[in-house]
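**Q** Attaching a single structure in structure tokens format; questions to follow.
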Amino acid sequence: MFSKKDDEFSFLWTIKQSSKNTLRISLHYQEEDSKTGLLRIDYNGGHTNPQSINEYVPEKFYPYAGVKLTKSHIHYHVQGYPVLAWAIPLEEDDFLVKEISENDFNITLAEIIKLFAKTINVETVININILLI
């Protein structure tokens, strides 16, 4: 992806579904050349945050220092840490879809993709066709 206003940077958006668990998906957004991850949402995945807090860690992340997250969570780029090392539970974030379930997986997945596109300011219309078997 490219920005209309600044084509110096290109971005990569990956949507990945776990081969082991059909209800585990990740949406990952990064600056393509530097491979700097900017935002990632993991549904039904685990993650452990760094123990130490530097000056760039947002205050709302403080309670999660060193904490192992076992529910759906959202990662943010924080300067001074490895790629997307910090995450908070989706319950604590403004992203609207907090969980996915087996019953409405296909509908929810389409909603999540569109919402993620809006979050990262994608202006291209995204059409999603779900084939129900």
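**Q** Return the distance in nm (one decimal) between the two label points of a simple spin-label model at V122 and S34, each offset 7 Å from Cα along Cα→Cβ.
**A** So the two model labels end up 2.3 nm from each other.
**Q** How far apart, in nm, are two points set 7 Å out from the Cα along the Cα-to-Cβ line at S52 and at E99?
**A** So the label points at S52 and E99 sit 3.7 nm apart.
Where a number appears in this text, it was derived from the coordinates with a stated rule and is not lab data. Not measured: the values here are computed from a predicted model. As a convention, Cβ positions derive from the backbone with ideal geometry for all residues, glycine included, and neighbour counts pool all protein chains shown.
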